[in-house]
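Some notes on the structure that comes next.
The values are calculated or read from the model by the stated rules, or taken from the named source; none is laboratory data. Since the structure is predicted, the reported quantities are computational estimates derived from the model, not experimental observations. No Cβ is skipped: glycine too gets one built from the backbone with ideal geometry, and neighbour counts run over all protein chains shown. Heavy atoms of the whole protein, side chains included, go into the accessibility calculation; ligands, DNA and RNA do not. Shrake-Rupley method; radii C 1.70, N 1.55, O 1.52, S 1.80 Å.
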Amino acid sequence: KELSLLPKNIFAVPDGEGEVEVCIYDESRNLANEHDRVGMTSFHEVFMSTRTDVAQWLIDRNVSVDVSPIDGMTVRKLAMSPDLGMMTGVGKSRMHELVTKYIANMEKAERRHRCHGCDQMFERKLMECSRCKSASYCSKECQVAHWKVHKHHCKKRDVNFSIVVDKPDTSIPSDLTSVKKLSFKRPKGLKDNETFYIKCQVATEADAMNFHAPIDAPTHPHVIYDRTRSVAFFMMPGTPGHKELFESVKKERAFEGKKAFFKAMYDSSGNMKVFPHTACAKKW
């Protein structure tokens, strides 16, 4: 048999005479983020199962994806791991979709409601930098104080800016789990100048070690593919768009700066254009 108790009904036993019982419940703590006796959190346990109903219950209570267990593998890292299919046994599962969507929504909310100046969260809509639209502030004072930091990153953001991609070599073999065969074909049914979304994955730490280069250096091929895998190729260093996509991906915190989604299109001549300033967390 099991006994369940509400935290508000648990009291500490007094040690000395005259002391009173004290309730251990603290409203400021989210107990869903606490470690259990083996160093795991509730979300870790649920993520490795198929109980999406329990996962949704935790998500509704703003459970954290960044609490680190003993092994350091947070739920965020688990959700973004390329070996996720092996860990869950069911590939890109409903659990994976649920958690990655939750992460993307949190990142969107944080961008809208966290002040870049004082780093505080607000429920109200914040001011935006009128030039780059990527920094938010709770007040004019915070914006002025933060300018000495922000001015080094502030660039006018033109979402219509596009780069024509060089036709890639699709004859080379692919050993990736996400892309079985390379291709540069227009997705079926896509019209001239009709936008669609591609995913760009940049090098991981393991890739950087193989190339003997810093992880933050854009010296490794990017993996580019769309949902149908009609577009699936390596964007090589030094080619048009490589540096621009790298810089945009590194700013996308939802996937820890490893991947992002971008708008793209094919023109009437068969050229593919990408829009580096349209980076977002999730589009399929």
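Overview of values
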{"item": "Percent accessible area from carbon and sulfur atoms, the stretch 85-195, protein chains only, probe 1.4 Å", "result": "52 percent"}
{"item": "FRET efficiency, S130 to M40 (Cβ-Cβ, R0 51 Å, nearest 0.05)", "result": "0.65"}
{"item": "Taking all pairs of distinct alpha-carbon atoms in the stretch 24-153, Kirkwood radius in angstrom", "result": "16.9 Å"}
{"item": "Rg/Rh for the chain, where both radii come from Cα atoms and Rh is the Kirkwood radius", "result": "1.05"}
{"item": "Surface accessible to a 1.4 Å probe, T278 within the full protein complex, Å²", "result": "20 Å²"}
{"item": "Area accessible to solvent at V67, 1.4 Å probe radius, in Å²", "result": "30 Å²"}
{"item": "Surface accessible to a 1.4 Å probe, R76 within the full protein complex, Å²", "result": "20 Å²"}
{"item": "The stretch 138-198 pair-distance distribution - Cα-Cα, 5 Å bins, rounded %", "result": "3, 10, 13, 14, 12, 10, 9, 10, 8, 9, 2, 0"}
{"item": "Accessible-area ranking of K273, K125, K251, largest first, probe 1.4 Å", "result": "K125, K251, K273"}
{"item": "Charged-residue dipole, Cβ positions (Lys, Arg, Asp, Glu), the chain about Cα centre, Debye nearest 20", "result": "1880 debye"}
{"item": "Unsatisfied cross-links (Cα-Cα over 28 Å) in the set K191/K283; K133/K167; K167/K199", "result": "K133/K167"}
{"item": "Accessible surface, the chain, averaged per residue in Å² (probe 1.4 Å)", "result": "63 Å²"}
{"item": "Mean separation of Cα contacts under 8 Å (6+ apart) over length of the chain, as relative contact order %", "result": "13 percent"}
{"item": "Filter on K101/K185; K155/K282; K181/K251 - keep pairs with C-alpha separation over 25 Å", "result": "K101/K185; K181/K251"}
